[in-house]
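What follows is one structure encoded as structure tokens, with my remarks underneath.
The values are calculated or read from the model by the stated rules, or taken from the named source; none is laboratory data. No experiment lies behind these values; they were computed from the predicted model shown. Please note: Cβ atoms are built from the backbone with ideal geometry, for glycine as well, and neighbour counts cover all protein chains shown.
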Amino acid sequence: MRLVNIAYVDEGSILARPVRSANGRVLLGEGVTLNQNFLTKLKQLGYDMLFIRDDRFKDVEINNAVSEKTKEIAYNAICTITTAVDNDSNTNIDADSVRFAVLNIMEDLMYSFDILSNLTDIMGYDEYTFHHSVNTTVLALILAMGKGYTQSKLLELGMGVLMHDIGKTNVPKEILHNKGKLNEKEFEEIKKHSAYGFEFIRKNRDFSIHSAHVAFQHHEKWMGGGYPRGLKGTEIHEFGRIAAVADVYDALISKRPYRDAMEPYQAYEFILAQSGHQFDPEIVRLFTKYVAVYPTGTGVELSNGLRGNVIGQNASLPNRPIVRAIFKENDPLEQHIDFDLSRQLNIMITKIENR
């Protein structure tokens with residue numbers, strides 16, 4: 001399989017992976033032959049990338065870091081809790097469902113052999129907040145595992161990250177869903193979600209105070225200037241420092257109705273550039289170790305003029321993946337050529353080209 005921008009998917013192409021809605025429901029199953037009606041509807045829903053079968057990539061498996069079932073469990077937990085709190089701010093948070101979701105994510109990650117390449121989801125526009133909470137939790141736990149956290153610390157962190165945006169239920173909806181630029185007063189109101197979230201979680205005895213501090217501190221900055229308290233460096237709880245990197249990275253690579261997603265390599269560069277400024281340098285170092293610059297399946301153009309897709313990663317050099325070239329300009333090659341960029345140092349990726 002390979003990843004293709006929907007603008008370049010031909011009628012008659014076959015899906016190599018299901019397309020799912022925000023709540024995990026299968027919209028189109030693996031093996032479905034795409035017609036124009038399907039393609040038009042998917043574009044309207046905001047899907048712009050699809051995994052397509054291609055005989056030249058029969059041997060390439062792109063495994064998720066966590067299973068679809070695990071993501072669905074986590075999504076349903078945060079969705080149900082958010083809806084309940086939204087309707088009644090005095091509602092107790094169902095800590096058991098959060099704990100169960102986080103334990104499932106932890107178990108999947110512990111048995112994943114290909115974490116480096118599979119952190120991004122193919123998403124439409126719907127339910128960004130819920131997907132963002134799940135994806136941020138997955139990345140935060142990967143970073144914490146890299147740091148050697150115990151099971152109990154991973155659970156504390158994960159429960160906090162899954163709930164890190166719960167305070168947004170207390171922000172006026174017209175501000176939260178504003179698609180334009182916020183004025184100063186509106187932004188000050190948005191910033192209150194960190195304190196709101198802290199109070200929601202802190203009042204629940206089934207959450208640790210450390211979990212609550214994830215909601216409180218995920219917008220603090222390493223050099224100061226963040227909110228709500230303008231903390232600096234190690235004044236920020238380590239959970240908050242991990243969550244900050246995971247939160248920003250997932251936000252940047254997520255497509256919204258009012259802006260396109262960044263390519264993963266662009267978001268990667270942003271995180272790297274903010275090391276020592278917005279983010280803890282040690283957390284950024286872990287990020288560069290466990291997050292692929294060019295996820296497996298990504299279409300790329302090489303400096304030798306050939307074009308193809310990433311088919312594997314090099315853990316020691318995450319910016320130098322293995323690429324299978326199948327085109328020269330727009331003409332198919334008679335036979336594909338594999339380039340291991342960790343060995344062929346004279347060849348570089350010059351462009352993302354998912355076609």
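Does G297 satisfy the condition of being farther than 17 Å from D165 by Cα and either among the aliphatic types (A, V, I, L, M) or in contact (Cβ under 8 Å) with a residue 40 or more places away in the chain (or both)? Yes; evaluated as a whole, the condition is true for this residue. The residue that is nearest to G299 (Cα to Cα), counting only those in the stretch 1-23 that are surrounded by fewer than 16 Cβ atoms within 10 Å (Cβ to Cβ) and in contact with a helix residue (DSSP H, G or I) (Cβ under 7 Å, 6 or more places away or on another chain), is E11.
On the basis of being over 30 Å from D48 (Cα atoms) and of a type in the set (G, A, S), does G226 make the cut? Yes, satisfied. Of all residues in the stretch 252-263, those being over 16 Å from N5 (Cα atoms) and modelled with pLDDT under 90 number 4. The set of residues in the stretch 80-103 being without any contact (Cβ under 8 Å) to a residue 12 or more places away in the chain, exposed (fewer than 14 other Cβ atoms within 10 Å of the Cβ) and in a helix (DSSP H, G or I) consists of T83, N87. Just so you know, in the stretch 298-343 the residues that are surrounded by fewer than 14 Cβ atoms within 10 Å (Cβ to Cβ) and assigned to a loop (DSSP other than H, G, I, E, B) include one that is nearest to the chain's Cα centre (by Cα), and it is A315.
Any idea which of G225, G197 is of a type in the set (G, A, S), surrounded by fewer than 16 Cβ atoms within 10 Å (Cβ to Cβ) and either outside the structural domain of V310 (by TED's automatic domain parsing) or at pLDDT 95 or above (or both)? Full working, then the answer.
Working: G197 fails: surrounded by fewer than 16 Cβ atoms within 10 Å (Cβ to Cβ).
Exactly one residue qualifies, and that residue is G225.
Scanning the stretch 16-49 for residues that are out of contact with any Ser or Thr (no Cβ under 8 Å at 6 or more places or on another chain), under 23 Å from P332 (Cβ atoms) and outside any loop (DSSP other than H, G, I, E, B) returns L39, M49. The numbered conditions (1) more than 18 Å from T137 (Cα to Cα); (2) in contact with a helix residue (DSSP H, G or I) (Cβ under 7 Å, 6 or more places away or on another chain); (3) at pLDDT 95 or above are all true for V214 except (1).
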